[in-house]
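Here is the structure we will look at, set down as structure tokens.
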Amino acid sequence: MVKSRYFTKTQEFDGMPKVIDFKIVEEEIDDDLKDKEILGEAIYISVDPYTRYAVYYNVPPGAPIIGFQVIKVTKSKNPKYFVGEKIMVHGGWRTTCKVDDEQVWYKVDKISGIDTSVFVGALGMPGMTAYCGFLEICQPKEGETVFVNGCAGAVGNLVGQIAKIKGCKVIGCCGSDEKIKFAKSIGFDDVFNYKTCKDYPGILKKMAPNGVDCFFDNVGGRMSTDVLACMNVGGRISVCGAISAYNSKTLGQGKPYNISIVKQLLMRGFGVGQFKDKFPEALKHMIQWIQEGKLKIHETTTKGFENTPQAFIDMLSGGNIGKAVVKV
């Protein structure tokens with residue numbers, strides 16, 4: 001048996017989660033592994049927006065909080081993974097976890113100039129979300145205009161950089177002047193602060209006088225509906241998330257359907273897991289772009305496993321720039 005700690009929720013979230021909504025549970029894990037099982041120690045834990053609604057609907061009080069992490073293998077009965085190797089897994093907010101093939105995404109290879117933490121960010125779930133969700137659904141063409149909301153977050157900043165690599169004009173929005181500065185530093189052509197903006201359609205028309213061709217939506221809500229009015233005929237919309245509604249008890253309201261019909265818009269929601277066959281291609285290109293300096297990495301790192309809930313809350317509150325990561 002080996003000792004482990006994991007986070008659970010003490011009660012259902014009421015709006016924005018609070019630190020008192022979480023607690024650490026200590027347990028012993030049976031290290032007598034079955035075939036294809038792996039035991040590992042957490043190195044980095046990812047905190048992500050999707051966890052907010054996934055935990056609300058799928059994780060009852062007392063059960064472990066779900067999430068991605070990079071672990072170092074300490075024991076293995078899986079011939080694909082050996083003791084000492086690092087792998088990226090869906091292991092939850094745990095210090096030690098036991099996983100099987102279904103929970104393993106891929107090995108964390110040693111790559112010159114790329115930190116291990118990047119495998120829960122640009123080379124992890126957010127990176128695969130940005131690459132596959134944008135390129136497979138929006139299919140951007142050189143010279144087109146792309147709009148990204150939440151453009152300083154873990155996924156949004158990568159979508160913007162990929163769009164620039166593909167030769168697009170890229171505009172976005174985020175929630176502070178500091179984030180605007182960051183977004184412009186990684187290549188966004190123009191960015192506005194959604195918290196101070198009073199006229200979303202007006203500023204979008206100013207930033208994109210020829211209209212928006214591709215919209216990568218991380219936020220949902222009123223703005224997402226307003227963007228549709230600024231899109232060109234035949235525009236494509238990738239619906240990645242709805243962080244504006246994750247802490248709400250009611251769904252946001254909007255009237256996108258008549259606009260979508262008139263403008264012949266393609267709108268598609270997705271879960272990154274459906275593109276798993278594309279991950280090898282995505283990793284190859286993302287690693288190449290990082291090494292070439294075309295894709296810049298920025299992380300907001302919180303140290304200490306016990307601080308995972310605070311890192312999660314800070315991320316939901318917009319306190320991070322780039323990827324929010326916990327170093328265990």
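The values are calculated or read from the model by the stated rules, or taken from the named source; none is laboratory data. Computed from a predicted structure; not experimentally measured. Cβ coordinates were reconstructed from backbone atoms using ideal geometry, including for glycine residues, and neighbour counts include every protein chain displayed. When the accessible area is computed, the model is the full protein with side chains, heavy atoms only, and any ligands, DNA or RNA have been set aside. Shrake-Rupley method; radii C 1.70, N 1.55, O 1.52, S 1.80 Å.
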Quiz item: residue 129 passes all but one of (1) among the polar types (S, T, N, Q); (2) buried (at least 23 other Cβ atoms within 10 Å of the Cβ); (3) touching a Ser or Thr at 6+ places or on another chain (Cβ under 6 Å); which number fails?
Solution: (3)
Practice problem: Collect the residues in the stretch 46-88 that are in contact with a Phe, Trp or Tyr (Cβ under 7 Å, 6 or more places away or on another chain) and farther than 22 Å from residue 12 by Cα, keeping them in residue-number order. | Solution: 69, 70, 73, 76, 87, 88
Exercise. State the number of residues belonging to the stretch 26-68 that are free of Cβ contacts under 8 Å to residues at least 24 places away in the same chain and surrounded by 14 or more Cβ atoms within 10 Å (Cβ to Cβ).
Key: 1
Quiz prompt | the stretch 178-212: number of residues that are in contact with a Ser or Thr (Cβ under 8 Å, 6 or more places away or on another chain) and open to solvent by 30 Å² or more (accessible area, probe 1.4 Å) | solution = 2
Quiz item: If we scan the stretch 82-93, do we find a residue that is over 28 Å from residue 110 (Cβ atoms) and in contact with a Lys or Arg (Cβ under 7 Å, 6 or more places away or on another chain)?
Solution: no
Quiz item: Out of the stretch 85-121, which residues are of a type in the set (A, V, I, L, M, F, W, C), under 23 Å from residue 287 (Cβ atoms) and part of a strand (DSSP E or B)?
Solution: 87, 88, 89, 104, 105
Practice problem: Check the stretch 106-120 and report whether any residue there is open to solvent by less than 60 Å² (accessible area, probe 1.4 Å) and over 21 Å from residue 298 (Cα atoms). | Solution: yes
Self-check item: Search result, residues across the stretch 269-328 that are in a strand (DSSP E or B) and either in contact with a Lys or Arg (Cβ under 6 Å, 6 or more places away or on another chain) or open to solvent by 70 Å² or more (accessible area, probe 1.4 Å) (or both)
Solution: 299, 301, 303, 327
